[in-house]
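Enquirer: Attaching a single structure in structure tokens format; questions to follow.
What follows is calculated from the coordinates using simple rules that are stated; it is not laboratory data. Bear in mind the structure is a predicted one, so any value in this text is a computation, not a measurement. Here the Cβ positions follow ideal geometry from the backbone for every residue, glycine too, while neighbour counts run over all protein chains shown.
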Amino acid sequence: MSSSILLLLGFLIIFANIPWLSERFFIIFTPPFGGKKRTWMRLLEWLVYACLAVLFAWGLEQKSIGTVHSQDWEFYTIFLSLFAVFAFPSFIYRHLIVHLLSRKSL
């Protein structure tokens, strides 16, 4: 059981950070705006990855326990909050550190 929880946490951390660290849209596509991803594209990608993470967790629960427990809206609110916390380091890197470094080099 603990290995599946560690697998899930690793998956969540990686998927929460991909939109902020990659300049490609969904890791595959080059953005149409001169090759730069806009903030709304990063947020959309982050939300899609959050939905994929819920599906992955659902499948992992189904595989390990044999049943999926029903959840209310509070569970999904806490999940999105935790997913946002996992994305925080790369968000800070993208919007503060890169901006400060580019400003310093000018």
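Enquirer: For helix 39-65, report the angle its Cα long axis makes with the longest principal axis of the Cα atoms of the chain; keep it between 0 and 90° and round to the nearest 10°.
Expert: Taking the Cα atoms of the chain, the angle to 39-65 is about 20 degrees.
Enquirer: Give me the extension gain from PHE29 to LEU100: residue separation times 0.36 nm, minus the current Cα-Cα distance, reported in nm with one decimal.
Expert: Working: separation 71, 0.36 × 71 = 25.56 nm, distance 2.72 nm.
The span from PHE29 to LEU100 would gain 22.8 nm if fully extended.
Enquirer: State the extension gain, in nm to one decimal, for the chain segment bounded by ASP72 and LEU47, taking 0.36 nm per residue of separation less the distance between their alpha-carbons. Write out the running numbers ahead of the final one.
Expert: Values: separation 25, 0.36 × 25 = 9.00 nm, distance 1.88 nm.
Answer, rounded to one decimal: 7.1 nm.
Enquirer: Of the candidates LEU60, LEU96, LEU12, which one comes out as most mobile in a Gaussian network treatment of the chain with C-alpha springs shorter than 10 Å?
Expert: Per the Cα network of the chain with a 10 Å cutoff, LEU96 tops the list.
Enquirer: Give the angle, between 0 and 90 degrees and rounded to the nearest 10, that separates the Cα long axis of helix 2-21 from the longest principal axis of the Cα atoms of the chain.
Expert: Helix 2-21 and the main axis of the chain meet at about 20 degrees.
Enquirer: May I ask you to order 31-41, 16-26 by the average number of other C-beta atoms within 10 Å around their residues, highest value first?
Expert: Going by the mean number of other Cβ atoms within 10 Å, highest first, we get 16-26, 31-41.
Enquirer: Along the Cα-to-Cβ line of LEU8, 7 Å from the Cα, sits a label point; which residues in the range 30-48 have backbone N less than 12 Å from it?
Expert: none
Enquirer: Now, a different point. Expressed as a fraction of 2.2 N^0.38 Å, the rule-of-thumb size for a compact globular protein of N residues, what is the C-alpha radius of gyration of the chain?
Expert: Working: Rg = 16.3 Å, N = 106, 2.2 N^0.38 = 12.9 Å.
For the chain, the normalised Cα radius of gyration is 1.26.
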